[in-house]
1. Could you check the stretch 167-176 and list, in sequence order, the residues that are open to solvent by less than 80 Å² (accessible area, probe 1.4 Å) and over 17 Å from Val102 (Cα atoms)?
2. Looking at Glu152, Glu140 in this structure, which one is touching a Pro at 6+ places or on another chain (Cβ under 7 Å) and either loosely packed, with under 13 Cβ neighbours inside 10 Å or of a type outside the set (Lys, Arg) (or both)?
3. Being surrounded by 12 or more Cβ atoms within 10 Å (Cβ to Cβ) and under 28 Å from Val42 (Cβ atoms) narrows it down to one of Gln164, Gln134, so name that one.
4. What are the pairs, 6+ residues apart or on separate chains, where a residue within the stretch 98-117 that is within 17 Å of Val38 (Cα to Cα) has its Cβ under 7 Å from a residue that is polar (S, T, N, Q)?
5. In the stretch 1-16, what count of residues is obtained for those that are open to solvent by less than 60 Å² (accessible area, probe 1.4 Å) and in contact (Cβ under 8 Å) with a residue 24 or more places away in the chain?
6. So in the stretch 1-50, with the set limited to residues that are in a strand (DSSP E or B), of a type in the set (Ser, Thr, Tyr) and under 30 Å from Glu153 (Cα atoms), which one is modelled with the highest pLDDT?
7. Assuming Gln26 fulfils every condition listed in (1) more than 23 Å from Lys165 (Cβ to Cβ); (2) open to solvent by less than 40 Å² (accessible area, probe 1.4 Å) apart from one, which condition is it?
Amino acid sequence: WAEADKMAPVRRSSATLKLISDNDRQFVDLYTVEVGAVRMDVYRNNALYWSGTLDTELYEEPYAYKKGYEVTLTFADFACLDRLDWDRSGLMSIHDMILYCVSKTGINYTDLKKYISTQAGYTTLTLQEVNVLQDNFYDEEGVALSVGEVLEEILRPFALTIVQKAGHLHIYDINA
């Protein structure tokens, strides 16, 4: 987890795996797969600790050697959302929008934990009760925002943050 603004709506993380290539371009097939198709799960004490998918945009290979060289594979939790276009329409709850965005990441998680202090009157705000018209995420020419931009924009008005840690997705505000 890189250092980030505590009010950032999406706290992104990544993991780097370094492998030795026995043959020239041994791992090149990994970079021709669909976004989010290759996942890495990290376990600590037999429990899911972190999950992310291969970021195919960061592939590089040293062409000075024919074999026995190091290849770096970068996996990220939310990065792939920046390369996917939003494709929903109609009304949708913020809760369902978040679940849809997370499903596009391909990450593995145990559950979604919510720590929200924002209240409407005397009751705590629930993300299932707030609906958003999906037309808001398309410009005048019908071009969609990325899924990553949508996730940030639905969390920002409520000062909410989403982060993946210890096998869980956490949604919280600074007061909770």
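1. Asp173, Ala176
2. The conditions single out Glu152.
3. Residue meeting the stated conditions: Gln164.
4. From the stretch 98-117, the pairs are Thr105/Thr53; Gly106/Thr53; Ile107/Ser51; Ile107/Thr53; Ile107/Gln164; Asn108/Ser51; Tyr109/Ser51; Tyr109/Gln164.
5. Number satisfying all stated conditions: 6.
6. At the first step, the residues of the stretch 1-50 found to be in a strand (DSSP E or B) are 10-11, 14-21, 39-44, 47-50.
Then keep just the ones that are of a type in the set (Ser, Thr, Tyr); that gives 14, 16, 21, 43, 49.
Okay, now just the ones that are also under 30 Å from Glu153 (Cα atoms), so 14, 16, 49.
On the way: Ser14: 92, Thr16: 90, Tyr49: 95.
My answer is Tyr49.
7. Gln26 satisfies every listed condition except (2).
Listed here are the residues, each with its yes/no results for (1) assigned to a helix (DSSP H, G or I); (2) in contact with a strand residue (DSSP E or B) (Cβ under 9 Å, 6 or more places away or on another chain); (3) among the aliphatic types (A, V, I, L, M).
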| site | (1), (2), (3) |
| --- | --- |
| Thr74 | no, yes, no |
| Met92 | no, yes, yes |
| Asn108 | no, yes, no |
| Gln128 | no, yes, no |
| Val132 | no, yes, yes |
| Glu152 | yes, yes, no |
| Thr161 | no, yes, no |
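The values are calculated or read from the model by the stated rules, or taken from the named source; none is laboratory data. In this text the structure is predicted, and so the values were computed from the model without any measurement. Methodologically, a virtual Cβ is constructed for each residue, glycine included, from the backbone with ideal geometry; neighbour enumeration extends over all protein chains shown. To get the accessible areas, we keep the full protein, side chains included, count just its heavy atoms, and leave off ligands, DNA and RNA. Shrake-Rupley method; radii C 1.70, N 1.55, O 1.52, S 1.80 Å.
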